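Heads up, the thing below is written out as structure tokens.
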Amino acid sequence: MSVVGARRGVRIGPFSWPVRWRPLLLVVVGSALLVLVMAVNIGLGDFPITLGQVFDVLLGGGETRHQFIVLDLRLPRSLTAVFVGAALALAGAIFQSIARNPLASPDILGVTWGASVGAVSVITFTGALTGSVAEVGIPLAALGGGFFFGLLVYVLAWRKGIEGFRMVLVGVGIAAIAGNLTTYLLTVGDVTDAGRAMVWITGSLNGRGWEHVVPVGIALAVLMPAAFVCAHLLGALQFGDDTVRGLGVRLNGARSVLLLIGIALASVATAASGPIAFVALAAPQVAVRLAATATPPLLGSAVVGGLLVVGSDLIARTAFGGFEMPVGVVTAVLGAPYLMYLLIRGRREARV
Amino acid sequence: MAPRQRRRRLVGLALLVLGLAVATIASIAIGSKEIAFDGVWHALTSPTGLEDDVVIRELRVPRTLLGIAVGIALGVGGALMQGHTRNPLADPGILGVTHGAAFAVVLAIFTLGITSLNAYVWFAFLGAFVASGVVFLLGSSGRAGPTPVTLALAGAAVSALMHGLVSALVLVDRQSLDAFRFWQVGAVAGRGLDVLFQVLPFLGLGLLLALANAPGVNALALGEDVARSLGQRIVQTRIIGITAITLLIGGAVAACGPIGFLGLVVPHAARAITGPDYRWLIPYSGLLGAALLLVADVLGRIVARPAELEVGIMMAVFGAPFFIVLVRRKKLVKL
């Protein structure tokens with residue numbers, strides 16, 4: 001343990017905070033990598049574009065045909081990947097900090113499974129319908145399902161306040177209901193619908209355009225600053241309830257606001273891409289180890305989450321020949337070994 | 001121990017045994033084919049090869065016995081898992097057992113074209129053992145040995161990896177998806193006594209190890225340092241516990257497919273009665289698991305007559321609300 005008092009602080013007017021280099025480095029290096037991987041992802045495809053040309057177009061220049069491919073086809077997909085990854089990771093970091101449990105994530109708290117129930121019902125019961133119904137209906141149903149089940153957990157866990165342990169257990173119950181409803185729906189329809197539903201459940205970025213970027217982008221633009229404003233509360237919530245009260249934090253208010261932010265982020269992200277597996281669980285845990293902090297760093301987790309999804313998308317698109325894997329398959333296969341490596345290497349086990 | 005608490009635990013145990021007996025009778029007597037009680041009695045005592053006799057002896061009795069065995073295994077495995085990770089979210093599958101088994105089964109379907117339940121059993125076992133071995137090695141590779149946090153995270157990572165590979169295979173191959181989606185729900189129906197006998201030795205050994213492990217888990221619950229100072233061999237206790245979990249959950253998954261929820265929830269419900277002592281918690285969890293699984297199975301036959309709903313689905317959809325009520329009412333024993 002390093003002594004907090006020995007850290008140098010920065011003071012601007014009435015605000016002051018300690019400088020920590022590793023979290024900062026994680027964000028800077030991570031963001032640079034993020035831009036690079038995004039550019040590579042945009043450049044690769046049936047019609048290859050060099051990195052220089054990609055940056056030309058992104059900065060406002062470039063040839064017209066490149067502009068079309070980059071701006072209309074490939075950029076929205078990459079942006080969706082980054083935004084969804086960041087939103088899921090942020091939600092995961094929030095849930096893990098509040099529940100003080102590294103296994104807490106939107107999957108366990110009912111949000112993603114709730115979204116799956118919504119989306120898979122639409123796929124199963126309107127199987128023959130494609131086109132506009134599927135395009136609009138699936139994300140909307142997912143959004144509704146995610147919000148509904150997330151809020152249900154929140155409401156049912158409320159008993160003279162929100163308590164981490166009770167919330168987690170109620171979440172387990174609700175997630176079990178939603179998860180099994182989804183599994184049941186998979187067995188109801190014919191195998192073609194089951195296949196489409198599986199793709200959605202795994203999480204896919206195929207054919208994502210600006211209409212997917214905009215909602216997630218807006219949600220991030222609103223909710224991410226809100227999360228940062230509440231970040232100091234998150235720091236306090238890592239301690240026991242009595243200590244938190246002793247520190248002068250309004251426990252229920254702080255938890256409620258953060259939880260609602262987390263539920264909203266996870267629902268919107270899941271609606272855009274399906275529940276991309278493992279990002280919400282792994283990204284905060286990877287970030288906390290890379291940054292060597294006590295609780296998952298919010299911005300660091302978001303960067304790692306974005307990087308994980310966009311990197312996975314790159315592999316999912318290009319590594320399997322003509323066949324395109326759903327990105328959720330790759331996030332787990334890419335993210336899990338890295339988390340394992342960090343676990344093996346970890347000398348000092350950070351507790352959440 | 002206060003005598004009142006002891007009496008309460010004993011009375012609770014007696015009630016649980018009674019409940020399990022009632023559930024067993026219901027599971028044999030109730031089904032999509034209506035058979036009166038004297039018909040059931042006739043089938044059990046002096047079968048003459050009537051259609052009813054065959055239904056009872058060939059279908060319902062194996063199914064019930066399998067349900068009891070698997071319910072005990074899942075309940076006990078879940079209690080042990082939460083004790084070793086000290087994490088209320090750790091379901092027995094978190095060791096990678098469930099997803100490891102699923103991966104092995106899908107691989108068997110995909111590469112060898114195997115589609116018989118009896119053959120799945122061995123592949124599921126193999127996958128379960130390899131996955132939980134990897135999780136244990138990963139989780140204990142840090143300097144501190146196997147700690148609750150590293151075990152849980154290693155389990156989550158391996159599970160996610162396996163799940164990713166399963167999704168990949170299933171998405172590539174339509175036939176695997178079709179076979180897999182029915183295995184995945186988890187069911188006790190359609191398995192004969194031979195499946196039960198295949199896994200019974202593993203379940204029995206796992207149960208013995210689990211009971212022997214209980215005092216050790218009690219010590220671990222005080223924290224590793226205290227446990228060590230009490231003379232516990234921590235790594236040895238962990239190895240025994242994890243072997244027991246793998247045997248129990250691996251056997252259950254091999255026989256029935258992944259039945260979630262039960263292993264996660266039953267220990268919490270049992271803990272509300274027994275308190276944190278694992279010497280009581282483990283038998284309670286086992287009995288409660290068996291009773292709950294049978295009740296869910298019977299309900300699944302009633303609600304969708306003449307068809308059936310799989311036990312895993314019934315358990316979550318009808319068990320979870322009860323669980324939530326319990327969580328809200330009781331002052332919970334924290335891990």
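The values are calculated or read from the model by the stated rules, or taken from the named source; none is laboratory data. This is a predicted model, so every value here is computed, not measured. Glycine gets a Cβ as well: all are built from the backbone with ideal geometry, and neighbour counts include every protein chain shown.
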Are there any pairs with C-beta distances below 7 angstrom linking a residue in the stretch B:301-316 that is within 11 Å of chain A (Cβ to nearest Cβ) to a residue that is among the aromatic types (Phe, Trp, Tyr), with the two at least 6 apart or on different chains, and if so which?
B:ILE313/A:TYR184; B:MET315/B:PHE261; B:ALA316/B:PHE261
Can you tell me which residues in the stretch B:166-178 are more than 7 Å from chain A (Cβ to nearest Cβ), assigned to a helix (DSSP H, G or I) and either touching a Lys or Arg at 6+ places or on another chain (Cβ under 7 Å) or surrounded by fewer than 21 Cβ atoms within 10 Å (Cβ to Cβ) (or both)?
B:LEU169, B:VAL172, B:GLN175
Checked A:GLY144, A:GLY189, A:GLY195 against criteria (of a type outside the set (A, V, I, L, M), modelled with pLDDT of 85 or more, surrounded by fewer than 21 Cβ atoms within 10 Å (Cβ to Cβ) and farther than 20 Å from B:HIS268 by Cα); the one match is A:GLY144
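Select the helices (runs of 4 or more DSSP H) contained entirely in the stretch A:189-305, then report the ones holding at least 3 residues which are among the aliphatic types (A, V, I, L, M) and closer than 20 Å to A:SER116 by Cβ.
A:191-202, A:251-273, A:279-291
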Given the conditions (1) over 17 Å from the mean Cα position of the chain (by Cα); (2) over 23 Å from A:PRO102 (Cβ atoms); (3) at pLDDT below 80, every one holds for B:PRO148 apart from (2)
Across the stretch A:228-242, what is the total count of residues that are free of Cβ contacts under 8 Å to residues at least 60 places away in the same chain and in contact with a Leu (Cβ under 8 Å, 6 or more places away or on another chain)?
4
List the number of the failed condition for B:GLY186; all other conditions in (1) in contact (Cβ under 8 Å) with a residue 24 or more places away in the chain; (2) out of contact with any Pro (no Cβ under 6 Å at 6 or more places or on another chain); (3) within 11 Å of chain A (Cβ to nearest Cβ); (4) crowded, with 18+ Cβ neighbours inside 10 Å hold.
(2)
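Residue-wise test of (1) more than 12 Å from A:VAL111 (Cβ to Cβ); (2) in a loop (DSSP other than H, G, I, E, B).
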residue: A:GLY137; (1), (2): yes, no
residue: A:GLY145; (1), (2): no, no
residue: A:ARG159; (1), (2): yes, yes
residue: A:PHE165; (1), (2): yes, no
residue: A:VAL168; (1), (2): yes, no
residue: A:GLY171; (1), (2): no, no
Can you find even one residue in the stretch A:187-197 that is at the interface with another protein chain (Cβ under 10 Å from one of its Cβ atoms) and within 21 Å of the chain's Cα centre (by Cα)?
yes
Is it the case that the stretch A:101-124 has a residue that's more than 30 Å from A:VAL188 (Cα to Cα) and surrounded by fewer than 24 Cβ atoms within 10 Å (Cβ to Cβ)?
yes
B:LEU294: more than 14 Å from chain A (Cβ to nearest Cβ), without any contact (Cβ under 8 Å) to a residue 60 or more places away in the chain, surrounded by 24 or more Cβ atoms within 10 Å (Cβ to Cβ) and under 17 Å from the mean Cα position of the chain (by Cα), yes or no?
no
Conditions (1) under 21 Å from the mean Cα position of the chain (by Cα); (2) modelled with pLDDT of 80 or more; (3) closer than 30 Å to B:LEU151 by Cα; number of the one not met by A:ASN101:
(2)
Report the residue count in the stretch A:243-281 for those that are within 14 Å of chain B (Cβ to nearest Cβ) and without any contact (Cβ under 8 Å) to a residue 60 or more places away in the chain.
1
For the stretch A:75-105: of the residues being of a type outside the set (A, V, I, L, M) and either closer than 18 Å to A:PRO326 by Cβ or touching a Lys or Arg at 6+ places or on another chain (Cβ under 6 Å) (or both), which is nearest to the other protein chains (Cβ to nearest Cβ)?
A:GLY85
The residue that is nearest to B:PHE103 (Cα to Cα), considering only those in the stretch A:323-336 that are more than 7 Å from every other protein chain (Cβ to nearest Cβ) and surrounded by fewer than 24 Cβ atoms within 10 Å (Cβ to Cβ), is A:LEU334
